[in-house]
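For reference, the structure is listed below as structure tokens.
The values are calculated or read from the model by the stated rules, or taken from the named source; none is laboratory data. Everything numeric in this text was worked out from a predicted model, so none of it was measured. Note: ideal-geometry Cβ built from the backbone for every residue, glycine included; neighbour counts use all protein chains shown.
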Amino acid sequence: MAVIGIIVYTFRDSAGPILEQLKKTSPAVVIGICLMAAVYQIIEGIITTVLAKQYRSSFAYKNGITNAFLCSFYRVATLGSGSGVAAIIYLGEHGIEYGGGFGLYMIQYALHKISIALFSAIFFVMNWEFMRNWFGDYAGLLAAGYVLTLVITLGLFLFCCSNRFHHLICRLLDFANQKFHGKFEIMAEEIKRQCMMLEDASNHLMKNKKVTTEVIFLCLLKCCFWYGIPYLLFKGVRFQENPALTLAQVLAITSLSVMLAAVIPSPAGIGSTEFVFTSLFAGIVGTGMAGSASLLYRFGTFVFPFLVGTVVVIVRHIRRKRASKDLI
């Protein structure tokens with residue numbers, strides 16, 4: 001409860017405007033936002049389950065979905081840094097040892113990042129004329145964003161799956177360690193250990209092409225629900241005066257904003273997502289409407305999963321206390 005109190009205090013500046021927008025938005029639209037966010041989390045849980053079953057066939061879908069909401073809580077509680085640790089610990093509680101859990105989470109994250117870039121590219125091409133008309137003046141910036149995303153995604157994928165890349169890292173670490181007389185020996189050993197775990201995980205998880213294809217398809221599918229939230233907002237009661245935007249166009253702009261925001265270093269994407277989202281939509285629907293939509297989008301993709309995750313954390317805590325009493 002203390003952690004939750006700290007989080008509420010930390011986000012007090014954005015919580016007020018979000019609540020104001022929720023009050024002005026019809027209940028049907030708010031429910032729709034929550035349902036779309038919930039489906040995204042459920043698909044995320046299914047992805048975790050598909051990968052986890054490669055290690056432990058008894059890993060249930062309910063465990064994967066619980067893990068997804070658990071990560072949502074710790075993503076907010078630690079500003080993005082602790083969700084991976086929470087996932088690895090939870091997987092360990094359900095029979096997947098640390099090395100496997102670490103590799104599974106990293107590969108799932110890599111496939112997630114690849115899917116974001118792929119989704120954005122697909123819908124950009126599908127809506128080429130529309131995107132060129134509205135954002136043609138920013139072609140250089142958009143190209144730079146795609147290149148940065150490609151570099152980050154490629155680096156992450158190589159770190160997860162390439163043995164040669166791991167050998168290169170190890171050689172560079174050994175060289176640096178010798179040059180600085182063993183100053184980085186502990187760090188080098190830890191990175192080498194992580195590389196070995198990732199090699200084992202990639203050999204275990206990526207050898208099944210059918211599973212890899214299924215995971216990428218599920219990643220693209222889950223993106224439809226998050227990136228479709230603005231379409232629901234613009235078609236809501238408050239946005240009936242909005243220029244006609246098709247679902248494909250909204251998916252193209254939202255996916256582009258998420259992809260570009262990801263290359264801006266900020267804790268859990270806070271601030272960067274709203275800034276890019278508002279900037280891209282402002283010229284089409286107006287700054288006020290774009291700003292309102294960005295706040296409601298933040299609620300659906302960040303606040304609502306956190307609230308559900310809070311319930312999950314509290315229920316798990318109560319069950320643990322009861323279990324410990326039964327043991328005594």
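Hey, among the residues in the range 69-87 that are crowded, with 20+ Cβ neighbours inside 10 Å and without any contact (Cβ under 8 Å) to a residue 60 or more places away in the chain, which one's nearest to Met197 (Cα to Cα)? Result: Ala87.
Scanning the range 120-133 for any residue that is part of a helix (DSSP H, G or I), under 22 Å from the mean Cα position of the chain (by Cα) and farther than 16 Å from Ser255 by Cα turns up nothing. The residues of the range 115-144 that are among the polar types (S, T, N, Q) and touching a residue at least 12 places away in the same chain (Cβ under 8 Å), listed by number, are Ser115, Ser120, Asn127.
Within the range 126-154, the set of residues being among the small types (Gly, Ala, Ser) and surrounded by 13 or more Cβ atoms within 10 Å (Cβ to Cβ) comprises Ala144, Gly145. Selection of first residues in the range 158-183 that are closer than 17 Å to Ser202 by Cα and of second residues that are hydroxyl-bearing (Ser, Thr, Tyr), restricted to Cβ pairs under 8 Å at least 6 apart or on distinct chains, gives the following pairs, ordered by first then second residue: Cys160/Ser202; Cys161/Ser202. Could we say that Ala110 is surrounded by 20 or more Cβ atoms within 10 Å (Cβ to Cβ) and under 18 Å from the mean Cα position of the chain (by Cα) here? Against the criterion (surrounded by 20 or more Cβ atoms within 10 Å (Cβ to Cβ) and under 18 Å from the mean Cα position of the chain (by Cα)), Ala110 qualifies. So which residues in the range 202-230 are at pLDDT 90 or above and either more than 27 Å from Phe159 (Cα to Cα) or in contact with a Cys (Cβ under 8 Å, 6 or more places away or on another chain) (or both), if there are any at all? Within the range 202-230, Cys224, Phe225, Trp226, Tyr227, Gly228, Ile229, Pro230 meet the criteria. Does Gly291 satisfy the criteria of being in a helix (DSSP H, G or I), in contact with a Ser or Thr (Cβ under 7 Å, 6 or more places away or on another chain) and not hydroxyl-bearing (Ser, Thr, Tyr)? Judged against the criteria, Gly291 is a match.
Exactly one residue out of Ser81, Ser57 is at pLDDT below 90, within 17 Å of the chain's Cα centre (by Cα) and not in a helix (DSSP H, G or I): that is Ser81.
Answer with yes or no whether Ile253 is modelled with pLDDT under 80 and β-branched (Val, Ile, Thr). Spelling it out, it is not the case that Ile253 is modelled with pLDDT under 80 and β-branched (Val, Ile, Thr).
On the phi < 0 side of the Ramachandran plot, among the hydrophobic types (A, V, I, L, M, F, W, C) and under 26 Å from the mean Cα position of the chain (by Cα), is that true of Ile169? Considered against the rule, which asks whether it is on the phi < 0 side of the Ramachandran plot, among the hydrophobic types (A, V, I, L, M, F, W, C) and under 26 Å from the mean Cα position of the chain (by Cα), Ile169 comes out as no. Taken as a whole, the condition of being at pLDDT below 85, in a helix (DSSP H, G or I) and small (Gly, Ala, Ser) does not apply to Ala248.
Cβ-Cβ distances below 6 Å connect the following pairs, each with a first residue in the range 92-114 that is over 16 Å from Cys160 (Cα atoms), a second residue that is among the basic types (Lys, Arg) and surrounded by fewer than 23 Cβ atoms within 10 Å (Cβ to Cβ), and a separation of six or more residues or different chains: Gly95/Arg56; Ile96/Arg56. Within the group Val303, Val276, which residue is modelled with pLDDT of 80 or more, assigned to a helix (DSSP H, G or I) and over 22 Å from Ala139 (Cβ atoms)? Just a single option satisfies the conditions, and that option is Val303.
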